[in-house]
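The values are calculated or read from the model by the stated rules, or taken from the named source; none is laboratory data. Being a predicted model, the structure only gives us computed values, none of them experimental. Backbone-built Cβ (ideal geometry, glycine too); neighbour counts: all protein chains shown. Protein only, heavy atoms only, side chains kept; ligands, DNA and RNA dropped before computing areas. Shrake-Rupley method; radii C 1.70, N 1.55, O 1.52, S 1.80 Å.
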Amino acid sequence: MTYKSLIAEVHNQQRTLTAIVEQDERTAYFYIWPTDLFRSQYAVRGCWLRNLLPAPAQEDREAMEQGIAPLLSAEYCRNLEAEPALDPAGLQVLWEPSDDGAALWYYGQLLAVIPGWSLYQEKQVSFSAGCIKKNRLTAPLGSASTNDYYARAEHQRQFWREWHDGSEWDRVQQDLMACYQAHFGESVKYYAIDQGSWPPMAISQHWHQGVWVFLTLGMSIRPMPQVDYLFDELAPQYRRVELGMAVDGEIMTEGNAVQMASALAEFVHLPWARLTWLGEGHTLASEVAPVGFESFLLANELATEQAQFKLPKRDGDRPTLLWTTPITEAERQFAQADEHGGQKLRELLTAEGNDHVFRPRQQVINSEE
């Protein structure tokens, strides 16, 4: 009787997914399992690693029918003979910075990749070093020159090495603070919001022309989940963001403004905690929205020209600064009514003379709309 042996298990940063390596006397496989919260939403992703028995001439249908991990047939295998069992001590799982895909390394050699975008579609996608021809179980990993996912895995390994060195946060922090202070003056307060875990994140508070300005630092370190799948080659324009909030100092005390801006500390973790992304026109509910409001609209285009500026590049991408502005329950429902509702709401707000700075205002839609 075949039994499975779990020889590696590594959760991602937000513990939404678990990467595991299973091995029995026949085969070894690499999997990404959604945790309980996401199990009904996403399927398990798998990748054949090697046969521990000689490769069969035909597809291993018998194993599939019995629910056993199948051997990969000979025409797809780099090695036709039985390969040695994997040594658990040599395995290393490195998650993609977006937290939804992973690469498996074995004694310093790349063994397999399950790309993050594969989570969001039905087709099984993975790449194995032991494979020479695409099949239902995996596809060839090849080399950095022949497969972009191999090159990405090497780049991501270097990314983690740089962060483990301990100096990368200083560079990110300095670049963002220099940018923010160039537009809004010196930071008057600084709040760490990462709760001591990676990645480091913070909020910088500024007082600029009678307005309290709050800006996040660190969100753009990681690309957001789903974006590569949704936008493909345009993904670099959307996958990294920082958030901002601006409050008129004449209508709200500093303490109340800080309380309202604490919503940013909730929002910065959402993409990875929910395996989603944040972009122009999205809405987010918050208990700290001011009285009369229920949610926040994310909109760079709501900002004045002075508040629409370029953020420092991160890993070749230009992050977007999304300003958060309070909206009512009726406005939230309007924004979520169709794909372009958030953009339509932003246009209505602009047409009524509103910008990214929060001030008392009238609701811009009728509750019956």
Counting just the residues of the stretch 32-89 that are open to solvent by 50 Å² or more (accessible area, probe 1.4 Å) and within 19 Å of residue 141 (Cα to Cα), which one comes out farthest from the chain's Cα centre (by Cα)?
80
Output the qualifying pairs, or none if there are none: Cβ atoms under 7 angstrom, residues six or more apart or on different chains, first residue in the stretch 122-133 and in a loop (DSSP other than H, G, I, E, B), second residue open to solvent by 10 Å² or more (accessible area, probe 1.4 Å) and of a type in the set (Ser, Thr, Tyr).
132/76; 133/76
With the structure loaded, tell me whether residue 173 is surrounded by 13 or more Cβ atoms within 10 Å (Cβ to Cβ), not hydrophobic (A, V, I, L, M, F, W, C) and not in a strand (DSSP E or B) or whether it fails that test.
yes
Enumeration of residues in the stretch 247-261 that are under 23 Å from residue 285 (Cβ atoms) and open to solvent by 40 Å² or more (accessible area, probe 1.4 Å)
251, 255, 256, 258, 259
Residue 225 passes all but one of the listed conditions (1) open to solvent by less than 30 Å² (accessible area, probe 1.4 Å); (2) touching a Lys or Arg at 6+ places or on another chain (Cβ under 9 Å); (3) in a helix (DSSP H, G or I); the exception is number (3)
Looking only at the stretch 112-124, and only at residues there that are out of contact with any Cys (no Cβ under 9 Å at 6 or more places or on another chain) and not charged (D, E, K, R), the one that is surrounded by the most Cβ atoms within 10 Å (Cβ to Cβ)
116
Any pair with Cβ under 7 angstrom, 6 or more apart, that starts in the stretch 199-215 at a residue that is hydroxyl-bearing (Ser, Thr, Tyr) and ends at one that is assigned to a strand (DSSP E or B):
204/187; 204/190; 204/215; 204/217
When you go through (1) within 30 Å of residue 171 (Cα to Cα); (2) polar (S, T, N, Q); (3) not in a strand (DSSP E or B) one by one for residue 256, which number turns out not to apply?
(1)
Just checking: which of the strands (runs of 3 or more DSSP E) contained wholly in the stretch 264-369 hold 3 or more residues that are crowded, with 17+ Cβ neighbours inside 10 Å, within 24 Å of the chain's Cα centre (by Cα) and not acidic (Asp, Glu)?
295-298, 320-327
So for the stretch 46-61 (the condition being assigned to a helix (DSSP H, G or I) and acidic (Asp, Glu)), does at least one residue qualify?
no
Test set (1) assigned to a strand (DSSP E or B); (2) over 30 Å from residue 228 (Cα atoms); (3) touching a residue at least 60 places away in the same chain (Cβ under 8 Å) - residue 10 fails condition number:
(2)
Residue check: is residue 168 of a type in the set (Asp, Glu) and open to solvent by less than 30 Å² (accessible area, probe 1.4 Å)?
yes
From the set of residues in the stretch 228-237 that are without any contact (Cβ under 8 Å) to a residue 12 or more places away in the chain and not acidic (Asp, Glu), which is most open to solvent (accessible area, probe 1.4 Å)?
234
